[in-house]
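Worksheet: one structure, shown below.
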Amino acid sequence: MAQNNMQALVEHIEKVTGSGNIGGEQLLPYFEERSYAKKAMLQEEGKACLWYFFVVKGCLRLFFTDDNGVEQTIQFAPEQWWLTDLDAFRNGRRSAYSIQALEATEVLAIDAHRYALLPEEQPLMQKYFRLVYERAFAATLLRVQMISRMSKNDFYELFASKYPEFMQRIPQKVLASFLGFTPEYLSELRKKKMEKKS
């Protein structure tokens, strides 16, 4: 299992950087393999943020609970995505977010000390993380722009067309919180879409 999980990370590094100059045996000492059941909490809001997770199998979500007690989902991490409260992780702070497994999930977890050593001892990882962060930042800006500029219906249609398989994996209540909808509004949109098809 260790080799298979590490191979998933190696393949992602090769895909992102275009380089095959790193192997699983070089990365193994930095990571811990972990498995989580569906709905398990990997990180709780307000507690120390000790781990950065690379998803090998399954799906995670990053969320916070607002003043009204409503969960607001900020980000998803399916296979080959990274997830943590990066600011809290890097600076040894308490997390402003919670992380939950939406499915049975397998991850590679790295702590802050080993994360700091990794790019120093494995130079390719500097390029890898820079490219990962650039893509994540661009995706975040695009999401903010879409929420600001598009109607709720258009935003839903675009998301559904870009990520049809992903839409089936996510519970409706969680998806609604990510899209900025109420579950009832999302239910109505889905109902109208089904009526159009029939």
Original post:
Taking the stated definitions as given, is PRO171 open to solvent by 40 Å² or more (accessible area, probe 1.4 Å) and more than 20 Å from LEU60 (Cα to Cα)?
Top reply: no
Original post:
Among all residue pairs at least 6 apart or on different chains, which show Cβ distances below 7 Å where the first residue, located in the stretch 55-66, is small (Gly, Ala, Ser) and the second is surrounded by fewer than 22 Cβ atoms within 10 Å (Cβ to Cβ)?
Top reply: GLY58/GLU103; GLY58/ALA104; GLY58/GLU106
Original post:
Of the conditions (1) free of Cβ contacts under 8 Å to residues at least 60 places away in the same chain; (2) over 26 Å from GLY18 (Cβ atoms); (3) open to solvent by 30 Å² or more (accessible area, probe 1.4 Å), LEU86 fails just one. Which one is it?
Top reply: (2)
Original post:
Which one of LYS152, LYS127 is surrounded by 14 or more Cβ atoms within 10 Å (Cβ to Cβ) and within 20 Å of GLY23 (Cα to Cα)?
Top reply: LYS127
Original post:
Out of the stretch 141-184, which residues are β-branched (Val, Ile, Thr) and in contact (Cβ under 8 Å) with a residue 60 or more places away in the chain?
Top reply: ILE170, VAL174
Original post:
Can you tell which of PHE76, PHE64 is under 28 Å from THR182 (Cα atoms), open to solvent by less than 60 Å² (accessible area, probe 1.4 Å) and either in a strand (DSSP E or B) or among the acidic types (Asp, Glu) (or both)?
Top reply: PHE76
**OP:** Restrict the check to the stretch 12-25 and report whether at least one residue is out of contact with any strand residue (DSSP E or B) (no Cβ under 9 Å at 6 or more places or on another chain) and over 25 Å from GLU134 (Cα atoms).
**Re:** yes
**OP:** Identify all residues within the stretch 12-53 that are surrounded by 14 or more Cβ atoms within 10 Å (Cβ to Cβ) and assigned to a helix (DSSP H, G or I); write none if there are none.
**Re:** HIS12, ILE13, GLU14, VAL16, THR17, GLY24, GLN26, LEU27, LEU28, TYR30
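The values are calculated or read from the model by the stated rules, or taken from the named source; none is laboratory data. Note that the structure is a prediction, hence the values are computed from the model and not measured. Cβ sites come from the backbone with ideal geometry, for glycine too, and all protein chains shown count toward neighbours. Each accessible area value is taken on the protein alone, full model and side chains, heavy atoms only, with ligands, DNA and RNA left out. Shrake-Rupley method; radii C 1.70, N 1.55, O 1.52, S 1.80 Å.
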